[in-house]
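The values are calculated or read from the model by the stated rules, or taken from the named source; none is laboratory data. Because the structure is predicted, anything quoted here is derived from the model rather than measured. No Cβ is skipped: glycine too gets one built from the backbone with ideal geometry, and neighbour counts run over all protein chains shown.
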Amino acid sequence: MNTRLLRHMHLTPEVEHIATALLNPENPAAGHRLTDLEALTLMREAPLALLGTLAAARKRAVSGDEVYYNRNIHIEPTNICVFRCRFCSYRRGAGEPDAWYHDLDAVERLAAERRGEPITEVHIVGGVHPEHDLDYYCEMIRRVKKQLPHVAVKAYTAVELHYIISKAGLTLAEGLQRLKEAGMEAIPGGGAEIFAPEIREQICPEKPTAEEWLATHEAAHGLGISTNCTILYGHIETYEHRIDHLRRLRELQDRTHGFDAFIPLKYRNLHNSMSAVGEVSLPEDMKMMALSRLYLDNIPHIKAYWPMLGISATELALSFGADDIDGTIDDTTKIYSMAGAEDQRPRLTTERMEQLVRSAGFTPVERNTFYQPIKH
Ligand code: V47
Ligand code: SF4
């Protein structure tokens with residue numbers, strides 16, 4: 001963007017100053033690093049069009065015209081969970097009518113049904129079942145890998161991992177090493193929610209703390225396991241809480257460089273004990289996407305997760321800094337459909353994903369879990 005155009009946007013002097021610093025024409029990829037105060041000023045005062053322009057410029061500098069997707073399936077072994085996060089529409093106690101549980105044989109069958117398909121990733125995530133232990137989690141990975149040896153297993157959030165590794169009496173590094181030996185190659189980003197204790201206490205008081213979540217990812221990075229990170233935004237938190245959350249992620253990434261992607265997860269309010277809290281608007285979603293791209297200057301990929309955002313908003317997010325739209329999924333993620341996202345059985349064909357990316361003006365690239373392009 002030509003800096004002269006900024007003058008036509010009627011910006012406050014503070015916003016104009018920050019935008020000029022971010023639009024470093026010499027090297028937009030390594031442009032100015034936002035301070036927390038600058039991030040807050042942008043969130044409060046910058047017009048959405050400016051945020052989109054700045055974030056899209058940063059995205060193009062980092063990943064050019066390319067937008068990534070992968071071919072993946074989700075396996076959700078159970079929705080029975082020892083925790084009771086107030087925003088969760090999905091968890092059930094054992095014995096409740098719509099609780100589900102797939103034992104190891106059933107999980108293996110779900111994997112076996114997909115043999116011969118061109119998927120490259122299995123994403124395993126679920127509730128924290130009270131009776132399972134580390135050996136069970138390792139065995140589940142081995143069974144999936146036995147059926148689908150060529151796929152990468154991205155498994156278990158830091159919440160599940162912290163719980164079972166503590167239960168086993170091991171250090172995080174020891175427990176993660178066991179899972180790595182069983183075939184776990186990456187860790188998804190769930191469970192981060194909002195790190196600030198005053199919000200965490202209200203929305204998920206029983207969950208591992210921010211420090212425990214971050215320590216789990218740091219230990220994984222130390223073992224060469226790549227991981228993702230998330231934020232759950234748009235409920236009772238403030239902009240300050242969001243920026244504090246991003247700062248903790250950026251600080252960890254400065255030390256380890258182990259995060260591949262950041263996923264801003266929009267709070268959905270159907271059928272949970274925070275339903276009275278409304279959902280934020282589409283412009284607010286785009287603002288969060290843009291801020292994520294601009295603030296997290298050391299995390300290469302920002303993911304617009306289509307089962308949560310919906311397809312039109314995902315397309316729009318590509319103009320607000322996102323460069324990844326996750327996978328074809330093709331099956332069974334219930335976390336969002338149970339919380340109010342419109343599609344009860346999310347599935348997008350590869351053709352439809354490519355079309356979505358092209359109509360937003362970008363070039364679709366199929367990737368593997370580690371963001372290497374797949375050549376067919
Ligand atoms: O941690 C639960 C979120 C997360 C609700 O790493 C909700 O590639 C909105 O982390 N409204 C789990 N969100 C899912 C997750 C994820 C998803 C896709 C890709 C990746 C990745 C990770 O789902 C939980 C929580 O933050 N969640 N309930 C809800 N009512
Ligand atoms: Fe359990 Fe995860 Fe739901 Fe929390 S968000 S209750 S940890 S399934």
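Brief remarks follow.
- Close contacts from the stretch 82-93, counting a first residue that is touching a residue at least 40 places away in the same chain (Cβ under 8 Å) and in a loop (DSSP other than H, G, I, E, B) and a second that is acidic (D, E) and near ligand 1 (Cβ under 6 Å from one of its atoms), with Cβ to Cβ under 9 Å and a gap of 6+ residues or different chains, come to C85/E193; F87/E193.
- In this structure, H257 does not satisfy being within 13 Å of ligand 1 (Cβ to nearest atom), modelled with pLDDT of 95 or more and either more than 27 Å from R86 (Cα to Cα) or not assigned by TED's automatic domain parsing to the domain that holds G191 (or both).
- Residue within the stretch 104-113 that is surrounded by fewer than 18 Cβ atoms within 10 Å (Cβ to Cβ) and within 25 Å of the chain's Cα centre (by Cα) present: no
- Of all the residues in the stretch 115-146, those that are touching a residue at least 60 places away in the same chain (Cβ under 8 Å), closer than 12 Å to I164 by Cβ and within 16 Å of ligand 1 (Cβ to nearest atom) number 0.
- Leading residue by the ranking (nearest to ligand 1 (Cβ to nearest atom)) among those in the stretch 260-311 that are of a type in the set (F, W, Y) and touching a residue at least 60 places away in the same chain (Cβ under 8 Å): Y267
- Consider the stretch 84-99 and keep the residues that are within 30 Å of K146 (Cβ to Cβ) and surrounded by 15 or more Cβ atoms within 10 Å (Cβ to Cβ). The one that is farthest from ligand 2 (Cβ to nearest atom) is A99.
- Selection count where residues are away from ligand 2 (no atom under 16 Å from the Cβ) and either more than 21 Å from G189 (Cβ to Cβ) or in a strand (DSSP E or B) (or both), scope the stretch 116-130: 5
- Flag for R58 being crowded, with 18+ Cβ neighbours inside 10 Å and either outside any helix (DSSP H, G or I) or modelled with pLDDT of 90 or more (or both): yes
- Helices (runs of 4 or more DSSP H) completely within the stretch 216-326 that count 2 or more residues being in contact with a strand residue (DSSP E or B) (Cβ under 9 Å, 6 or more places away or on another chain) and farther than 27 Å from E160 by Cβ: 282-295, 311-317
- Qualifying residue in the stretch 176-189 (condition: more than 21 Å from D135 (Cα to Cα) and buried (at least 17 other Cβ atoms within 10 Å of the Cβ)): yes
- The residue list R86, R91, R33, R71 contains one member that is among the basic types (K, R) and away from ligand 1 (no atom under 16 Å from the Cβ), which is R33.
- Condition check for T171: among the β-branched types (V, I, T) and within 16 Å of ligand 1 (Cβ to nearest atom): no
- Yes/no for L172 being at pLDDT 95 or above and within 16 Å of P208 (Cβ to Cβ): yes
- Of all residues in the stretch 106-114, none satisfies being within 13 Å of ligand 1 (Cβ to nearest atom), closer than 18 Å to N70 by Cα, touching a residue at least 12 places away in the same chain (Cβ under 8 Å) and outside any helix (DSSP H, G or I).
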